[in-house]
């Protein structure tokens, strides 16, 4: 609307001006109106231009075309007016185009300004001489120069940069670029020096500005404050370092654990204190990269250090270390007093603390040492000693490793000591058994030698007496008693030897099928003559119940059981012997009518040297080994034996033996031509 | 085995028995018992004496009753020597011992028989009669 009003005003103003200058412009009244149209079209566009044109045509026709002050047009006037209108139209169009171009350019510039102003990075543009033509608010803020102040300043005045490390001025990339025409970036670690002295690390990029012909007309530089990024980077670097350190620590701990585990494994195999010491020093101190090490044990009731193992010390110095008094000033003494680990990290400290050892230290080249008590239940067994030829800082891990080594070493040493003691005790026990065995063997041999001639001579006399019939009956009986007693003595010696063999586990079985029916009958028949007052009754089948066993040993078992039955039935009577099959086993029961077994004697009846309290030793002789031998032999067969009281009187013994199940063709070969 | 031929013509004497035992009482008892049964008995106190006796005589015993544990030369060593000597190897040996594992030991010296001390007179006579005609 305003543009049209301006167009009308321009037309009126031109009319007024033309009226005032009437005498001058009359021959060419449209002259001024062209200017009005041009102005209207320039400012208002094509519309106002055409409006001014229209108004001008009317006004010019009325005021300045004869007849004046009347709208009377001859054909020539009309032609003239049309020509004017066409020219005016042309002017309006051209003006309109110019106006549009200017407007677009303006908008674009505005847009660029806004863009540059609102960009997050700092932007500075210069002309070809390096004078600032543009600086955006971010750049203004970073440099401390307002855009107005900065405008026209040389770039070097506003954009001052220095190297962060050398603190030397750095040439601005802009001047560099203007000088060389090559794009230059800032080196790392560049600081921007603001007007107020503030320093900021920056990062930049620049580009030349060239005109259409490619001539350099300026430079635009973009840069940014990287303080935050630098901080973040520093933080990241620190975190990485922390992580690395943590990883290193973990790896070291893992390595130490592995070493300790290796030491543990090696210690498990070490059985003597010397072996333990070697493991601790070789494997343990190697983990610490110690140059030498030793284990000292407290000896002589804690008065002397006795070296158990050495490694890495000069041979000529060892003699002095083998036995030393605990009172001699040394790291050992100090660690013993405090009962705690002692570490010395430098040779100076070593010299200072133990001046007496300075010479020794110089010769062995010790620079750092560690002395760790070998503690077991708060008692010091000895000392683990490690020597280093270079000064050494002991980390917490090092100390933990030393503690671990000392702890494991102390336990292993104690274990080895106990093992040694146990071994010695076992050897002594074995030796004692061997001695007893040898004694019994020799004793049996020596006892049997006189028995042999005794029995032979007696029996010879008996035979001669039978032939000659010169001996009176009393003498004959006397000879019989001598012979019987000699045999009895022989049986007792045999039983004692059996006990000894059973104790030593030397009694072995030669197994085969044993017909218990025939065996019981044979043994009973052999024993029957020894007692007139007893009757051995063999019940059950006469043959065919086969046990898996050693016939000689089973014969012994039956002999003991039958003799027992006779012995503990002082008043005589029947002894019932029966063999019965029983679900995979063969049973032999021996029942007598004797004095029986007291209830309280039952649990111990088969123990060695046990005798039932109701067996009066004056009446019934015996040393309490028969039933022990029975039980042991039966157990060796995998069988069992029980004893029970009979309801009325007497005892009943039952032996259970495994039945013979193997194929008949693998029968054991018969042995023994005689017994 | 009895009266077997011998390469050197040394003949076993019928009823001749050699007793080898370090115990004098046993030697005497065995001698008395066996002589009572009609045998000819000679005795030695150890293996070395027994070997000397055997080698010095033209006649050989029909059986040797041999103790194992003896001083100077044991029954083991005697048996080994005897077996090495072709003139003596054929003489049967019965081991007479108080050893606890007599059966095994008798087998080890390859004895023809064994008797456990103290031996019963009838068992002894029975054993000896097997080797003597």
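Normalised by the number of residues in the stretch A:601-654, the mean separation of alpha-carbon contacts (under 8 Å, six or more apart) gives a relative contact order of 26 percent. Comparing mean-square fluctuations of B:68, B:18, B:53 from a GNM of chain B with C-alpha springs under 10 Å, the top value falls on B:53. Every Cα-Cα pair in the stretch A:196-335 was counted, and those over 28 Å apart are 57% of them.
Using a simple spin-label model with pseudo-atoms 7 Å out from Cα toward Cβ, residue A:165 and residue A:466 lie 12.7 nm apart. First obtain the Kirkwood hydrodynamic radius of the stretch A:425-520 from its Cα pairs, then insert it into the Stokes-Einstein equation at 10 °C and 1.306 mPa s, and state the resulting D in µm² per second as a whole number. The diffusion coefficient I find is 95 µm²/s.
Between B:84, B:27, B:48, the GNM of chain B built on Cα springs shorter than 10 angstrom shows B:84 fluctuating the most. The percentage of C-alpha pairs in the stretch A:257-505 whose separation is greater than 32 Å is 48%.
Springs between Cα atoms under 10 Å define the GNM used for chain B, and in it the highest mean-square fluctuation of B:21, B:85, B:36 occurs at B:36. The label point for residue A:71 and the one for residue A:3, both projected 7 Å from the Cα toward the Cβ, are 2.7 nm apart. What the pair-distance distribution of the stretch B:16-131 shows, using all Cα-Cα distances binned every 10 Å from zero, is 14, 53, 31, 1 percent. Taking other C-beta atoms within 10 angstrom as a stand-in for reagent exposure, A:567, B:105 fall in the order B:105, A:567, fewest first. Rounded to the nearest Å, what's the spacing between the alpha carbon centres of the stretch A:589-636 and the stretch A:442-465? Just the number, please. Value for the Cα centre distance between the two parts: 30 Å.
Here the spin labels are modelled as points 7 Å beyond Cα on the Cα-Cβ line, and at residue A:19 and residue A:119 they lie 5.8 nm apart.
Distance distribution P(r), the stretch A:119-225, all Cα-Cα pairs, bin width 5 angstrom from 0: 2, 14, 25, 26, 20, 9, 3, 1, 0 percent.
Maximal additional length on extending the residue A:265-residue A:319 stretch stands at 16.3 nm, based on 0.36 nm per residue less the C-alpha distance. Given in Å, the Rg to one decimal and the Dmax to the nearest whole number for the Cα atoms of chain A are 65.2, 217. Each peptide in A:52-58, A:368-374, A:541-547 gets a packing score, the mean of other Cβ atoms within 10 Å over its residues, and the list from highest to lowest is A:368-374, A:52-58, A:541-547. Could you state the number of Å between the C-alpha centres of the stretch A:134-205 and the stretch A:319-395? Their Cα centres are 64 Å away from one another.
Suppose we look only past 22 Å in the calculated P(r) of the stretch A:452-578. What percent of the Cα-Cα pairs does that tail hold? Here the tail beyond 22 Å accounts for 52 percent of pairs. In plain terms, the chain from residue A:399 to residue A:237 could stretch by 55.3 nm, reckoned as 0.36 nm per residue minus the Cα-Cα distance.
Helical runs (DSSP H, four residues minimum) scored at -39500 (n - 2.57) apiece and divided by the length of chain A put the mean residue ellipticity at 222 nm at -17500 deg cm²/dmol.
For the peptide A:565-578, the mean number of other protein chain Cβ atoms found within 10 angstrom of a residue's Cβ is 0. For A:332, A:16, A:636, what ranking results if the residue with the fewest other Cβ atoms within 10 Å of its Cβ goes first? Ascending number of Cβ neighbours within 10 Å: A:16, A:636, A:332. Once Rg and the Kirkwood radius are both taken over the C-alpha atoms of the stretch A:390-465, their ratio Rg/Rh works out to 1.71. The stretch between residue A:349 and residue A:504, if pulled fully straight at 0.36 nm per residue, gains 49.4 nm over its current Cα-Cα span.
Plugging the Kirkwood radius over Cα pairs into Stokes-Einstein for the stretch A:2-114, at a temperature of 4 °C and a viscosity of 1.567 mPa s, what D comes out in µm²/s? The calculation lands on 88 µm²/s. Semi-axis lengths, largest first, of the ellipsoid equivalent to the stretch B:46-107 are 20, 12, 10 Å, with √(5λ) applied to each eigenvalue of the Cα gyration tensor. Bridges between two residues of the protein assembly as shown, per DSSP, are antiparallel at a rate of about 80%. Relative contact order for the stretch B:16-131: 23 percent, from Cα pairs under 8 Å spaced at least 6 residues apart, divided by residue count. Extents of the stretch A:508-666, largest first, come to 51, 29, 26 Å (Cα atoms, principal axes, whole angstrom). Expressed as a whole number of Å, what is the distance separating the alpha-carbon centroids of the stretch A:509-534 and the stretch A:237-307? Between the Cα centres of the stretch A:237-307 and the stretch A:509-534 lies a distance of 71 Å.
The ratio of the alpha-carbon radius of gyration of the stretch A:52-143 to the globular-protein estimate 2.2 N^0.38 Å is 2.12.
With the highest mean first, a sort of the peptides A:18-25, A:283-290, A:307-314, A:67-74 on other beta-carbon atoms found within 10 angstrom per residue produces A:283-290, A:307-314, A:18-25, A:67-74. Using a cutoff of 8 angstrom between alpha carbon atoms and counting only pairs six or more residues apart, the relative contact order for chain A works out to 6 percent.
Rounded to the nearest 5, what % of DSSP beta bridges with both residues in the stretch A:508-666 are antiparallel? Antiparallel bridges make up about 80 percent of those DSSP assigns within the stretch A:508-666. Take each residue in B:108-121, count the other chain C-beta atoms within 10 Å of its C-beta, and the mean is 5.
FYI, it's all coordinate maths here, none of it is from the lab. What you see is a predicted model, and the numbers here were worked out from it, not measured in a lab. Neighbour counts are summed over all protein chains in view; Cβ atoms, including those assigned to glycine, are modelled from backbone coordinates with ideal geometry.
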